[in-house]
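Right, one structure below, let's go through it.
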Amino acid sequence: MTFRTAALVAGALGVVLLTVGLIADAQRPPTDVEAVASLDTSVVVYSPEMVEFADESRIGVDGSGEIVAMTARPVDADAWLATREATEVTGLPEWEVLSTQAYEVAEPEPTASPTTSASPSAEASPSPSPSPSASPSGEGEEAEPVDVLSQTSTDLWRQEWSGTDRVAVVASKVPDGETLVIASRDGSPLTTTDLALSREVNDGWITPLIWWGIALTVVGAVALILRFFDTRPLQAKAENWRQGRTGTGDTDADPGSRRARRASGAGLPEASLDEPASPATGATPTTGATPTTGATPVTGATPVTGGSPISGQSPVSSRSPFHPVTGGTPASAPSTGSPRSAQSPAVDEGPNNGEGGRA
Amino acid sequence: MNRRIIAIGTGASALLMLTGCVADVPEPVTEAPALEQEAALLEAQSDRIVEATMAELALADEEADADLLTDRIGGDAVTVRKAQYTLASADDGPTPVVLPAEMQAVYSVGADTWPRTLASVSQPADEDSTPVVMLWIQDDVDTDYQLRGWAHMIPGATIPAMAGTTSGAEQLTVDADGLLATPEEAISNYLELLREGEDSEFAEQFTADSYREQLFASREALTETANDAEGEYVDTIESDIDSTYVMGTADGGALVFAPVSVKSSFSVDDGIVEIAGAQQPLVDGDIEDVAVYEYRDLIVLHIPAADSDDTAGVVAADHNLIRITDS
């Protein structure tokens, strides 16, 4: 398989990945969802289990008029709901759906009546207080607003929230173990109840998939384009240019240059430490009056004291690349005419010498 | 054809991958968390009840009209208050008993059934008064808690510790065991003590209290007066078990709220019983040689636990005249 074929295959794969990624991105499921159930009763109930299930989520109910959300002990809510038609939210079968059913009061455990014994009293008990219920208004008159919640006792409700046409309660606001009862104050049917939920969506792969698809598609596209053009002239030009830049051929070395000498196999110059280096005054670019400075790549430039010339007694070999470089120390005295001319260009001609200095 | 297959495959792949993107719906919670506070009424609820009761009472007191006692006050409380309004209507008649609105303690039960009780101990109305113990009853879930009675604490008596709102006090029955005596038995014995006087065999079963001391003192004085007129003085004392409620105390004892009817018949042989002017508004009928004073009292009786070394005793009681008849 040639490079071009591999690129084309990669491009085809890239198109597939890109397409899948874009479709997935367009269909990416939302993190925040709202589970909904429709209602047809004026009362909806969230049991303590369902409230616990909702956790930090928001429970909402829509209807018309004032809607009141109340909490009570489960036994009290059961007793209150026993004579009322209500819908209970029972679960979350799907992320967007709440399941409901007609509320059924839990069977109470049989308990003894607190006053089962016969009374020896002959005293009649006082008559009960009159009913607080109001009589209906006369015919033809506009009906007064009905408040079905206040027609009976409200002593059982521990907490209350209310709203017009909608009431929403964060489930965590409902104390543990309490039942949440939501009812329309005028007795009109509620329309919907919803539970706002946040869910985990594992969509971290979509964006990388898209970028990988783009990259591979570009590679394939380039390979495809190049397939329709004869690029050999350009390749030749590029090759020549590259050779011209890199000089990798066995020609082109300037005559007399070091490269030419190296190419011709010229031997390395040998430097003898036994013979004093002859001053090459004429060729020395620096005069003896020039103080040696640290900038001078002098090897064997042992600090000169008292103007003593460096002789062969010195263990320093200018060829030794490992000799401690002391040239950094300025000479204490000018070394005019000193054999320091070992730094002469003659030395410089030895490529190893120069390389040793760089080592 | 190939393009169609590729397109379908690509779309199906994307959808297939997306189905794995969303976590499954959470598992349902199958067990309800425990109630943090099991009392039938929390402090905020009982405060609302007390406040509504006192508002209704204040309105009725202002009008001196017991018919205004409808929602939050009922039973014997209405009967007694109506008699007090009647007495107050007479010249120099006594003013109705002051029921302080400020409470120093409120006790709710943790019962799951009805009727349920709510008791409170008020602040003293003044320096000369003792705190008032009040009793509310809720007959069922659809009716309000109603103030059904009250009684001033016996001087020196102590209300035992009661459970708080975390669990609520236990709603006991009149035949509850685990006590020195069942509430019904204790009431029966105490009423027998009231009938027989200090020499009763039950006198040792109960600590001394000013309620029975005053009853005995009054009986002695009126008996002597009746005897002087060759008449008779008889107390008829009956309990009302149906309207008796029992709350458990924190130490395993019980606090019994027992309505008691007392009829004191005063007769003379030849002559007419003269009713005091302040009591005239309560006279029902023509009083001649017999006058029957009817009282509706509330006795609050503390019964210690069976293993306790304490003695049962009345901690609060009021003697409320409600009517005077001729028979």
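The values are calculated or read from the model by the stated rules, or taken from the named source; none is laboratory data. Predicted model only: the values in this text are computed from it and were never measured. So basically every Cβ, Gly included, is an ideal-geometry build from the backbone, and we count neighbours across all protein chains shown.
Descriptive notes on the structure:
- Residues that are more than 14 Å from chain B (Cβ to nearest Cβ) and either of a type in the set (Gly, Ala, Ser) or touching a strand residue (DSSP E or B) at 6+ places or on another chain (Cβ under 7 Å) (or both), drawn from the range A:197-234: A:215, A:220, A:221, A:223
- Looking across the range B:191-218, just one residue is surrounded by fewer than 18 Cβ atoms within 10 Å (Cβ to Cβ) and basic (Lys, Arg), and that is B:195.
- For the range A:191-222, residues that are under 28 Å from residue A:35 (Cβ atoms) and among the small types (Gly, Ala, Ser) total 3.
- Close pairs (7 angstrom Cβ cut-off, 6 or more residues apart or separate chains): within 12 Å of another protein chain (Cβ to nearest Cβ) and part of a helix (DSSP H, G or I) in the range B:75-90, surrounded by 22 or more Cβ atoms within 10 Å (Cβ to Cβ) and at pLDDT below 95 anywhere: none
- Just so you know, in the range A:80-93 the residues that are facing chain B (nearest Cβ under 10 Å) and closer than 26 Å to residue B:25 by Cα include one that is surrounded by the most Cβ atoms within 10 Å (Cβ to Cβ), and it is A:92.
Let's see how each residue does on (1) of a type in the set (A, V, I, L, M); (2) surrounded by fewer than 20 Cβ atoms within 10 Å (Cβ to Cβ); (3) assigned to a strand (DSSP E or B); (4) free of Cβ contacts under 8 Å to residues at least 24 places away in the same chain:
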residue	(1), (2), (3), (4)
B:247	yes, no, yes, no
B:251	no, yes, no, no
B:257	no, no, yes, no
B:275	yes, yes, no, no
B:288	no, yes, no, no
B:302	no, no, yes, no
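- Residues (under 12 Å from residue B:301 (Cα atoms), in contact with a Leu (Cβ under 9 Å, 6 or more places away or on another chain) and β-branched (Val, Ile, Thr)) located in the range B:152-196: B:159, B:187
- Of the criteria (1) closer than 18 Å to residue B:308 by Cβ; (2) in a helix (DSSP H, G or I); (3) within 14 Å of chain A (Cβ to nearest Cβ), which one residue B:177 fails: (2)
- So residue B:242, is it within 30 Å of residue B:181 (Cβ to Cβ) and part of a helix (DSSP H, G or I): yes
- Members of the range A:9-49 that are closer than 22 Å to residue B:21 by Cα and touching a strand residue (DSSP E or B) at 6+ places or on another chain (Cβ under 6 Å): A:29, A:31, A:32, A:33, A:34, A:35, A:36
- Of the residues making up the range A:204-249, those that are more than 43 Å from the chain's Cα centre (by Cα) and closer than 30 Å to residue A:30 by Cα number 0.
Table: residues versus (1) outside the structural domain of residue A:216 (by TED's automatic domain parsing); (2) crowded, with 20+ Cβ neighbours inside 10 Å; (3) within 30 Å of residue A:157 (Cα to Cα).
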{"residue": "A:16", "(1), (2), (3)": "no, no, no"}
{"residue": "A:22", "(1), (2), (3)": "no, no, no"}
{"residue": "A:42", "(1), (2), (3)": "yes, yes, yes"}
{"residue": "A:45", "(1), (2), (3)": "yes, yes, yes"}
{"residue": "A:50", "(1), (2), (3)": "yes, yes, yes"}
{"residue": "A:56", "(1), (2), (3)": "yes, no, yes"}
{"residue": "A:60", "(1), (2), (3)": "yes, yes, yes"}
{"residue": "A:74", "(1), (2), (3)": "yes, no, yes"}
{"residue": "A:78", "(1), (2), (3)": "yes, yes, yes"}
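- Among residues of the range A:190-204, those that are surrounded by 15 or more Cβ atoms within 10 Å (Cβ to Cβ) and not aliphatic (A, V, I, L, M), counted: 6
- Residue B:241 among the β-branched types (Val, Ile, Thr), surrounded by fewer than 20 Cβ atoms within 10 Å (Cβ to Cβ) and either in contact (Cβ under 8 Å) with a residue 60 or more places away in the chain or farther than 30 Å from residue B:114 by Cα (or both): no
- For the range A:191-199, the condition holds for no residue, the condition being that it is without any contact (Cβ under 8 Å) to a residue 24 or more places away in the chain and more than 30 Å from residue A:16 (Cα to Cα).
- Close contacts from the range A:45-65, counting a first residue that is away from chain B (no Cβ under 11 Å) and a second that is part of a helix (DSSP H, G or I) and surrounded by fewer than 19 Cβ atoms within 10 Å (Cβ to Cβ), with Cβ to Cβ under 6 Å and a gap of 6+ residues or different chains, come to A:56/A:172.
- Subset of the range B:272-287 (residues that are within 15 Å of residue B:84 (Cβ to Cβ) and out of contact with any strand residue (DSSP E or B) (no Cβ under 9 Å at 6 or more places or on another chain)): B:278, B:281
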